[in-house]
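Okay, structure first, notes after.
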Amino acid sequence: MGNDQSTQPKKENISINSDNNRTPSKSKGIVVVQAKSPEPIDQIEENVSKLGLCPKFLPLLPNSLAVPESRPITAELSGQLDVQSCIRACGRLQDHLNQCASAVSFDQKALETKIKEVDKVGVSVMQHMTERQRAFAKHAEHSRKVDDISTTLNRVRMNLEQTLSLVDELNMSLPEELRLEKLNLI
């Protein structure tokens, strides 16, 4: 079926060319690799002797690495450990951890007070800015009203000047005995 492969090369893949003129064939062939020459026996013995010179060490709890469940300390290990030294080391570790915890607690409290102070300052700045924005909004409203009044007054003045010029023309068209004096707004 799909796994049938012949071990004999096909006639297409066989070439009589020399090694220098080889062209890569498109089909997969069998590649033969020379086996590595075995190391001399004297070198193997030398490596083993070097490994034997390495110092040996045992883990603190010898059975803890092999078995996942914890076992009690063996008799030979309990003779090697000094209980008082272990208690002192544990006490020092406990004191160190307590000091670290108290330092962290102190720093947390200091940060908490600083955060509260910054929050208070932020709230007061925000209130101050809100009040200033309201004041500026009032000033802007007054300025807009003044601008509106100013434009209205300019229109009234222009209308008045136009009316005065028309009144003057009308006054000039009258006979002299009916004419009025010239009007001045200033």
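Computed from the coordinates by the stated procedures, all read-outs in this text should not be read as laboratory data. Note that this is a predicted model, so its numbers are computed, not measured. Note: ideal-geometry Cβ built from the backbone for every residue, glycine included; neighbour counts use all protein chains shown.
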- Kindly put 100, 54 in sequence by how many other C-beta atoms sit within 10 Å of each C-beta, fewest to most. 54, 100
- Answer with one residue from 140, 172, 162: the one whose Cα lies farthest towards the positive end of the charge dipole of segment 89-186, charges on Cβ with Lys, Arg +1 and Asp, Glu -1. 140
- Query: For residue 102 and residue 47 in the same chain, what is the full-extension length gain: residue separation times 0.36 nm, less their Cα-Cα distance, in nm?
  - Reply: 14.3 nm
